[in-house]
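The values are calculated or read from the model by the stated rules, or taken from the named source; none is laboratory data. This structure is a prediction, so every number in the text was calculated from the model and none was measured. Virtual Cβ from ideal backbone geometry, glycine too; neighbours counted across all protein chains shown.
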Amino acid sequence: MKQFTHTINDPLGIHARPAGQIAKLAKSYDDTMVTITKDDKTVKATQLMKLMSLTVKQGNVVTVAAEGPQEDEAIAAMEAFFKANL
C-alpha cells in the first residue's frame, strides 16, 4: 500500500467539482482501491457521495492511500491532482 497526506488549500475544500474529478481518476485504476481518510473516517475515492460526506474543508489534512496492482501509478496521479487542484 502506498499513501500520502495532504493539507487542503482550496478555500472551498473538496466540493462537487474536484470530488467528481477525484472519483473519475480513481475509477481509471479499476483493479486498485484508492481511499481517502479524514480524521477517523475512510471512504473509497470512487464513491462520489461518500467522498462528499467527508466534508473536507480548507486546512483539513487528508490521507490518500492506494492498494493494488497499479498502486504506484494511482498514488502518483492522485498526489499530482491534489497538489495542482487542492
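Observations on the model:
- Filtered residues of the range 1-25 (kept if in contact with a Gly (Cβ under 9 Å, 6 or more places away or on another chain), part of a loop (DSSP other than H, G, I, E, B) and closer than 15 Å to residue 84 by Cβ): 8, 9
- Of the criteria (1) under 10 Å from the mean Cα position of the chain (by Cα); (2) under 16 Å from residue 3 (Cβ atoms); (3) buried (at least 17 other Cβ atoms within 10 Å of the Cβ), which one residue 63 fails: (3)
- Condition met for residue 62 (of a type in the set (A, V, I, L, M) and in a strand (DSSP E or B)): yes
- On inspection, residue 74 passes the criterion of being surrounded by 14 or more Cβ atoms within 10 Å (Cβ to Cβ) and at pLDDT 95 or above.
- Taking the range 22-54 as the range and being without any contact (Cβ under 8 Å) to a residue 40 or more places away in the chain and touching a helix residue (DSSP H, G or I) at 6+ places or on another chain (Cβ under 6 Å) as the test, the residues that pass are 23, 43, 45, 46, 48, 51, 52.
- Breaking point among (1) touching a residue at least 40 places away in the same chain (Cβ under 8 Å); (2) in a loop (DSSP other than H, G, I, E, B); (3) in contact with a Lys or Arg (Cβ under 9 Å, 6 or more places away or on another chain), for residue 57: (3)
- Subset of the range 26-54 (residues that are assigned to a loop (DSSP other than H, G, I, E, B) and polar (S, T, N, Q)): 28, 32, 46, 47
- Note on the range 1-37: residues that are surrounded by fewer than 15 Cβ atoms within 10 Å (Cβ to Cβ), in contact with a strand residue (DSSP E or B) (Cβ under 7 Å, 6 or more places away or on another chain) and closer than 17 Å to residue 68 by Cβ amount to 1.
- Residue 53 fulfils the conditions (1) more than 16 Å from residue 25 (Cβ to Cβ); (2) at pLDDT 95 or above except for a single criterion, (2).
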